[in-house]
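The values are calculated or read from the model by the stated rules, or taken from the named source; none is laboratory data. Just so it is clear, the structure is predicted and the values come from calculations on it, not from any experiment. We place every Cβ from the backbone using ideal geometry, glycine too, and count neighbours over all the protein chains shown.
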Amino acid sequence: MSDSTPHASDKSRERIKRAITAAGIGVWEINIPDNKISCDGRCAALFELSGQHELPFSQAFQNLHPYDKPAVLAAIKNALSGHDNGAIDITCRIITANDTERSINIAGTASFNAAGIPTACCGITRDITNSLKQIEAGETRFQQLVQDASVGMILLVGEDMRVEMVNESYSKLIGHKVAEIIHRPLFSVIPEVEKEFRPIIEYVRQTGETYNLHNKSYTLQGADNQTIKGHISAVYQPYKDPNTKESGVMVVVYDVTEQVMARQKVRESESLLKLLSDSVPAMIFYLDNEQRYTSYNETFMQWYKVDATQAIGITAREFIGETTYNRISPYLQKAYAGEQQRFEIPAPGRLNPHKWLSIVYTPNKREDGKVIGLIVHATDITESKRNELALRESEARFRTIFEQAPMAIALMEGSDMVVTLGNDKMFEIWGKPATLTGLPVMKVLPELEGQPFKALMDKVYDTGTPHFGTGTLAKLVRNGILEDAYFDFVYTPVRNAEGNVTGIMTLATEVTDRQLASQAIARSEARFRSLIEEAPVATCLFTGREQTIALANDMMLRVWGKGSAAIGQRLEDAVPELKGQPFLDILDEVFTTGIPYAATAARAELEVDGVLGSYYFNFTYKPLFNEAGEVYGIMDMAVDVTEEVLAHKTLEEKEMFLNNAVELAELGTWSIDIPTGIITYSERMQQWLGEAQSTLRSQSSLRIAPHDRERVRNALDKAMEKEGSGHFDEVYTIVHAITGVSRIIHSSGRTRFDEKGNPLNLSGTAQDITMQRDLQTTLEQEVQMRTEELASAVEELQATNEELANANEQLLRSNEELAQYAYVASHDLQEPLRKILVYTSMLANDREMAPRSADLIAKIAASSERMRLLILGLLDFSRLLESDSVFQYIDLNNVAKDVFHDFELVAREKGATLKMGKLPRIEAVGLQMNQLFYNLVSNSLKFTKAGTPPVITVSAEMLTQEQTREYIRTPLSFATYYKISVTDNGIGFEKQYNDQIFEIFKRLHGREIYPGSGIGLALCRRIITNHNGALYTRSTPGEGATFCLILPHKQAE
């Protein structure tokens, strides 16, 4: 036994050694007395000791990473001192022969004698490089998952709630970048929510319990001071750092703003659905699974004369009475069993026993199919029911009943379904004539091919089992048009005496209106949106106290002068010009009180197409309520009555002007009501006639002088003749009833006839021409005397006319010679002027010239350059005096584009914006049009405001003949005229210079400030004159100028 024990021990050690070697573990031992360290081959390899197995302690760690060596030596010293029970466990890095790093773990234990003195220390070494890499890779993947997470995640550590980790989703949620949050106390970044959220975090950190937060609203200030609002759900979980043991909280945040807003929209949609339900002229109510009323619409309340809560919670049996309940009970049972029921009954006694109702019970089912209530739709069919009952009472024969039944009925016999009988109703809903009786149904209705009805008929014919259809879609050709129609119908087998099926009886009711109404209710929100968008008047919906524009149709957007981008904005942001006007306050009042508001001809200042103008509207603000009775929005419907209001004002002004004109002209007015013979006079006419009353009978004709009376009466009768001219115009004498003073008046009027040509009244004016007649008599005498004198003067005038004709011919020759002279003079002046410019240039380059002489030479050069520009301008002007230019059709769009291109460099230097609308194509001289636009654009780029980038806009509009005559007294009758506007935002000028600026050499500014020849605008006017047009301008100092060109589209027929 004693011989075998050491041998067994050796084997055991050998097995352990092999196991350690197989595991890649190195073994080491510190010889404390000799201060040496021994290690096996694996340990030496791990420490990069080149096979050395024993070496001084100081040399054993020569390949340790410099940063790790102090820690390793400190760990060994700590173990040899007896700390941690003499245990060593530390990770460090070894620098390998090829300058890479190897991570190893050194673990071991020190041994001590009874006196506590270390006697030995040994342990193992493992290569953990790959393990660390895997851990690092795992941490990297975890961090990447956190950063890529679609939910916000943040780790808060310590009492100050310092951010140790945060992902992009959380940073976007609070409007701050990750770099602005990490390693900072959370509430130093978002202090505005500290009061709400710090207690939650403190609770989780202190208690170690998880906390769940649901649908919490919040308001933050983002990094750019933009207000951020939303709703979140969050999970707060306790966390403890495994190294520092510091406690913290991990927060996972879900942005549920869209879900919350969606639920809010659902509630609003339900409210809109309620509004739509109340608008339907039928009762709609809901019975729960105990047959109790839980909701009903406005029609229900009106018919039963109950308020919104009076019937809630009452059972149908209690509310409608036992008699009516017994009649509907079978239908209720089937409906609660899951079958939709349709039937007609007399109305309950408390409603009106003579009224008939069409009832539809629609089961409301859960996902598992269990019925939890009924949706009830009751329509008043009293009128149709009365007709049906009256028809049944009046007709006794079956075929007559069959023909006149309110339900469509047809009999089809044989397997090929020949239509042997059909009432008018059936042929009406088929859209076919009754003459098709006797043909197979597929011949009568070929459009049923591909639809399920023939197969259903065949099945009923083959099986003898009836088929019921409810709200079934059928595509029928009616009046030549393929239509979608919906029917309730039944296919019933018809049997002979032996019980065999010989045909099918079809009963059908078209329920297209009902079906479409049902679909409309289901699509209430879409229909409501479409209703607003397609409303014939400007309509929009505001939501919330801030009056956010939820919906607005095109008409409302045009009223505001805004695009679709306004939808979703607050009204005061989308239409800022409303600030300071009463509308925003009125909307706030309607939202607060829930009281509708309406106004007529209300004035509003709106900016449309960039122009602030006054408009007038009839409008209503109607509040919309949610299920809680709270106002959640306002419906705005407006009608633009600007034209009517302005027309009314114009009419009032015209009436005032007419009255003033009547008074100024000292006219009297009168009117004869022809059927009654009553004559109404103005106050002035009363004074002339000496009458105390303003209305008289026709005996007032006695006030007409006897010698005129018959003539005036005949003229009046002729004016009042049926289908006559209706015109009255006479001069006659009237006599004052009291003083007897005579007065000669000129009276004229016109008769108004009805649509049949009968005279209604004759109205007119009268003017006292007594003085004129006296003057006329005197003048006639004077004229007679002067006639003789004029006869002799005529001969002198004829001679004078001949002299004027000669003078005119000489003037035309003079003008031609003057134009030629201007051209030759300006042309001949260019040669000496060029020499002056050359010589001054040579003198200016002479370096020996005295400074005083150089200044004089510079002035000479500047003056010569101005003279050269004047000569060129004069040449251009003289050329425009020639009238032999060739006209051809020119596209002004191309002309304007070419001019814009010429000024591209100048525009870029000045930061100018050149805008061009659609321009017309006209008959013109191309070079002159180019010169015209060139001069106007050059002018706009020259006279700009300092510090303001120039904006030049060229646009055009077609003018009517009436509009053209405002600018041109006698426009070309065969031509269409256009107004082309060139607008800038430059320095502008006073109104008094509107005409002066077109004079040749006329300048409003010194050459030192704005250089130029002063001929450019004169050339423009000359070009416009050559084209039978007009040129005018509008301007306000400091606000820019607009040059308006009135041009015809062609020059000759």
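Take Val641 and tell me if it is at pLDDT below 90, crowded, with 18+ Cβ neighbours inside 10 Å, of a type outside the set (Asp, Glu) and not assigned by TED's automatic domain parsing to the domain that holds Thr309. When the stated conditions are applied, Val641 passes them.
Please indicate, with yes or no, whether at least one residue in the range 591-600 is of a type outside the set (Gly, Ala, Ser), out of contact with any Leu (no Cβ under 7 Å at 6 or more places or on another chain) and surrounded by 19 or more Cβ atoms within 10 Å (Cβ to Cβ). The answer is yes, given that some residue of the range 591-600 is of a type outside the set (Gly, Ala, Ser), out of contact with any Leu (no Cβ under 7 Å at 6 or more places or on another chain) and surrounded by 19 or more Cβ atoms within 10 Å (Cβ to Cβ). Name the single residue that is farthest from Ile30 (Cα to Cα) among those in the range 110-131 being part of a helix (DSSP H, G or I) and modelled with pLDDT of 80 or more. Among them, the one singled out is Asn130. Within the range 962-1002, being part of a helix (DSSP H, G or I) and within 18 Å of Leu1045 (Cβ to Cβ) holds for Gln963, Thr964, Arg965, Ile997, Phe998.
The residues listed here are Gly349, Gly313, Gly321, Gly369; of these, the one that is modelled with pLDDT of 90 or more, of a type outside the set (A, V, I, L, M, F, W, C) and more than 24 Å from Met407 (Cβ to Cβ) is Gly313. Of all residues in the range 15-34, how many are closer than 16 Å to Val72 by Cβ and in a loop (DSSP other than H, G, I, E, B)? Of the residues in that region, 0 qualify. Just so you know, in the range 52-84 the residues that are of a type in the set (S, T, N, Q) and closer than 23 Å to Ile128 by Cβ include one that is modelled with the highest pLDDT, and it is Asn78. Considering only residues that are closer than 17 Å to Asp754 by Cα and either at pLDDT below 80 or among the β-branched types (Val, Ile, Thr) (or both), which ones fall in the range 670-689? Selection gives Ile672, Ile674, Thr676. Scanning the range 861-897 for residues that are surrounded by 14 or more Cβ atoms within 10 Å (Cβ to Cβ), more than 36 Å from the chain's Cα centre (by Cα) and at pLDDT 70 or above turns up Phe887, Ile890. For Thr960, are the conditions met, namely being without any contact (Cβ under 8 Å) to a residue 24 or more places away in the chain and assigned by TED's automatic domain parsing to the domain that holds Thr1025? Criteria met by Thr960. Considering only residues in the range 47-88 that are surrounded by 12 or more Cβ atoms within 10 Å (Cβ to Cβ) and in a strand (DSSP E or B), the one that is nearest to the chain's Cα centre (by Cα) turns out to be Leu64.
Here's the yes/no breakdown for (1) outside any helix (DSSP H, G or I); (2) outside the structural domain of Leu421 (by TED's automatic domain parsing); (3) of a type outside the set (D, E, K, R); (4) at pLDDT below 90:
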| site | (1), (2), (3), (4) |
| --- | --- |
| Leu482 | yes, no, yes, no |
| Ala497 | yes, no, yes, yes |
| Leu507 | yes, no, yes, yes |
| Glu525 | no, yes, no, yes |
| Phe528 | no, yes, yes, yes |
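With respect to Ala907, is the statement that it is small (Gly, Ala, Ser) and crowded, with 18+ Cβ neighbours inside 10 Å true? Here the answer is yes, as Ala907 does meet what is asked.
Is there a residue in the range 647-657 that is in contact (Cβ under 8 Å) with a residue 24 or more places away in the chain and of a type in the set (A, V, I, L, M, F, W, C)? There is no residue in the range 647-657 that is in contact (Cβ under 8 Å) with a residue 24 or more places away in the chain and of a type in the set (A, V, I, L, M, F, W, C).
The criterion of being at pLDDT below 90, farther than 22 Å from Val157 by Cα and exposed (fewer than 13 other Cβ atoms within 10 Å of the Cβ) does not hold for Asn243.
Checked against (1) in contact with a helix residue (DSSP H, G or I) (Cβ under 7 Å, 6 or more places away or on another chain); (2) outside any strand (DSSP E or B), His231 meets all criteria but (2). Residues of the range 559-612 that are among the hydroxyl-bearing types (Ser, Thr, Tyr) and over 23 Å from the mean Cα position of the chain (by Cα): Thr592, Thr593, Tyr597, Thr600.
All told, Thr944 meets the bar of being hydroxyl-bearing (Ser, Thr, Tyr), surrounded by 17 or more Cβ atoms within 10 Å (Cβ to Cβ) and assigned to a loop (DSSP other than H, G, I, E, B).
Within the option set Leu587, Leu551, being touching a helix residue (DSSP H, G or I) at 6+ places or on another chain (Cβ under 7 Å), over 30 Å from Tyr461 (Cα atoms) and crowded, with 17+ Cβ neighbours inside 10 Å holds for one residue only, Leu551. Taking the numbered list (1) buried (at least 16 other Cβ atoms within 10 Å of the Cβ); (2) touching a strand residue (DSSP E or B) at 6+ places or on another chain (Cβ under 9 Å) in turn, Lys454 passes all entries but (2).
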